[in-house]
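The values are calculated or read from the model by the stated rules, or taken from the named source; none is laboratory data. Here the structure is a predicted model, which means the values were calculated and not measured. Counting neighbours? That spans all protein chains shown, and the Cβs are built from the backbone with ideal geometry, glycine included. The protein model used for the area step is the full one, side chains on, heavy atoms only, and it has no ligands, DNA or RNA in it. Shrake-Rupley method; radii C 1.70, N 1.55, O 1.52, S 1.80 Å.
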Amino acid sequence: MHDLFILAIITPLIVLVPYVSRLVKMPVAVLEIVFGALGVYFGLFTPNPSFGMMAEVGFLFLMFLCGMEVDLYMFRQMNRALLKKILCYFGILYALSSTITLSAKLSALYIIALPIVSLGMIMTLVRDYGKELPWLDLVLKVGVLGELISIILLVVVDGIYLHGLGLELYKTLGILLLFLGAIVALMQIFNILFWWFPGLKSFIMPTTDQANQDIRFAIMLFFSLIGLVAWLKLEMVLGAFLAGTIVATFFPHKHELFDKLNDIGFGFFVPLFFIHVGSTLDLKLVLDNPKLIYHACLVVCAMLGLHLVASFTLFRTHFANLRNTLTFALSASMPLTFLVTTASVGLRVGAINQNTYYSFLLAAIFEGVLFTTLIKALMHTQKKA
C-alpha cells in the first residue's frame, strides 16, 4: 500500500510539471528534479526501494529512447572530414579534462564527467527547434558519439572501482568487447536477412497493427538486452541503449512507434526517474552547506569552458557565424541525464562521496536552466537579425 501511496503523490506532480514549466520557462526535466527534492523536503513522500526500482526502469527507458535516435548507418554516411573533427573534439575534451582533474587532484571520475555529451537535453532542443538548424544537426551527431563513449567509459569505471586493476577487470573488459562484437555480428546477419527477405520487417512490425505488435517487440528487445547485460555483469544502461539503436537502425519506417514510445516514456517513466533523482537531493544539507553550490558552479564553468575551447578550436569555420558556434557549445554542455547517471554510478561504486554527488546534481540543474535560457536568447537575437 505504501508503494501505491507514493505513486498517488507523485503522479499529480508529473501532471503539474509541464504547466509550471510553461509558466516559469524552465526545462521540464529540471523541474521534475526540483519537484522531487521539494516533495521529500516538505514530507510529501519518502523514497523506498520499490520507488527506486521503478525509477531505474524509467532511466533505462530514457536510455532506450535516446538509443532510438541513433541510426548506426549515420556514421557510414557522415563526411569523413567531419567525423575526424568530431573525434578530435572529444580528444580535446578528454585531454583538457584529464589535465584539470590531475592538476586539481580530483577523483578520476571527473575525467569522464566533465567532457560528457548526452542526447537527453539535446533531444528537447530538437523538439523545440528542429534538426534543420546547422548547429543542432552537428550537436546531434556529437551527442550520438558522446553517448556511446560515455556508456563504454562508465562500464570501464564500474569495473575498475568494483574489481580494481586486476584479473576481474580484464575479464569484465573482455566480456564487454565480446558482447559488442557479438551485437555487431548479429546486426550484420540480420542486415543480410532483411536484404534477402524484405517482408521479414513487416512480419515483425506489421504496417497495419491492431495488436500493437511493434510495441510488444520493442519492449521485448528492451528487457531482453537489459537482462543479458545484467547477466554478463555489465552496466544495464548499455543494453537499454543498444536495444534502442537496433530498433532505430532496422525499423526506421515505423515512425508511429517512435511517437508512441516517446509518449509513454516522457509521459510517465522518464518523469518518474527525474523525480526520484530529486528525492535523493537533501535540500536541507545543501542550504546549510553553500560550498556545495560553489562546487557545482565550478563544475558548470569547467564543463562550459572545455566545450567552448573545443568548439571554437574545431568548428569556428564550420558555422556561418560565431553565434552558431556559441549555441553549439552551450547545447553540448548540458548533459543532464548522463551527468546524473555518472554521479549515481560514482556514488554507488565509491568513486565520489555524497557531497560531490549533490554538487553534480546541482550542476546538472544549473546547466539545464542557464544554458537553455541562453540558447533561447541567442535564437531570439538571430530571428531579430
TODO: Give me the net charge of F179's neighbourhood, meaning all other residues with Cβ under 13 Å from the Cβ of F179; Lys, Arg count +1, Asp, Glu -1.
DONE: +1
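I need to check one value: relative contact order of segment 222-379, counting alpha carbon pairs closer than 8 Å and at least 6 residues apart, in percent.
Here the relative contact order equals 20 percent.
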Task: Charge dipole of the chain about the Cα centre (unit charges at C-beta), most positive-ward option of H307, L322, L285 - done: L322
- [ ] Counting other Cβ atoms within 10 Å, keep those with at most 13, restrict to DSSP loop, and tell me which trypsin sites (Lys or Arg not before Pro) in segment 244-337 are left.
- [x] R316
TODO: Would you compute the Debye intensity of segment 230-299 from its alpha-carbon atoms alone, equal scatterers and no solvent, and pass along log10 I(q)/I(0) at q = 0.14, 0.20, 0.25, 0.27 Å⁻¹ to two decimals?
DONE: -0.74, -0.95, -1.10, -1.16
- [ ] Kindly provide the helix-only [θ] at 222 nm of the chain, computed as the sum of -39,500 (n - 2.57) over DSSP H runs of four or more divided by all residues, to the nearest 500 deg cm²/dmol?
- [x] -26500 deg cm²/dmol
Open item on the list: Taking every pair of distinct Cα atoms and averaging 1/r, then inverting, what Kirkwood hydrodynamic radius in Å comes out for the chain?
Closed with: 21.8
Task: In order through segment 136-141: 3J(HN,Hα) via Karplus (6.51 cos²θ - 1.76 cosθ + 1.60), integer Hz, x for Gly, Pro - done: 7, 5, 6, 5, 5, 5
TODO: Would you kindly derive the ³J(HN,Hα) couplings of segment 296-308 from the backbone phi angles with the Karplus curve 6.51 cos²θ - 1.76 cosθ + 1.60 (θ = phi - 60°), listing them in order in whole Hz, with x for Gly and Pro?
DONE: 4, 5, 5, 4, 4, 4, 5, 5, 5, x, 4, 5, 5
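With a 1.4 Å probe and all protein chains left in place, how much of the accessible area of the chain comes from carbon and sulfur atoms, in whole percent?
It is 69 percent, rounded to a whole number.
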Open item on the list: How would segment 310-385 be classified by its alpha-carbon gyration tensor: rounded, prolate or oblate, with rounded meaning a/c under 1.5 and the a/b versus b/c comparison settling the rest?
Closed with: prolate
Open item on the list: Could you report the chain's accessible area per residue, 1.4 Å probe, as an integer in Å²?
Closed with: 47
Task: Label-point separation in nm, L16 to D263, each point 7 Å along Cα→Cβ - done: 2.6
Task: Using a Förster distance of 45 Å, the FRET efficiency for L38-N79 (Cβ separation, nearest 0.05) - done: 0.45
Open item on the list: If you take every residue apart from L65 with its C-beta less than 13 Å away from the C-beta of L65, what net charge results, scoring Lys and Arg +1 and Asp and Glu -1?
Closed with: -2
Open item on the list: How large is log10 of I(q)/I(0) for segment 246-385 at q = 0.11, 0.15 Å⁻¹ when the intensity is taken from the Debye formula with one equal scatterer per alpha-carbon?
Closed with: -0.58, -0.96
Open item on the list: Can you pull out the trypsin sites (Lys or Arg not before Pro) in segment 119-185 whose DSSP state is coil and whose Cβ has at most 13 other Cβ atoms within 10 Å?
Closed with: K131
TODO: Highest first, please rank the peptides 324-333, 49-58 by the mean number of other Cβ atoms sitting within 10 Å of their residues.
DONE: 324-333, 49-58
- [ ] Could I have the simple spin-label model distance between C297 and L232, label points 7 Å from Cα toward Cβ, reported in nm to one decimal?
- [x] 4.4
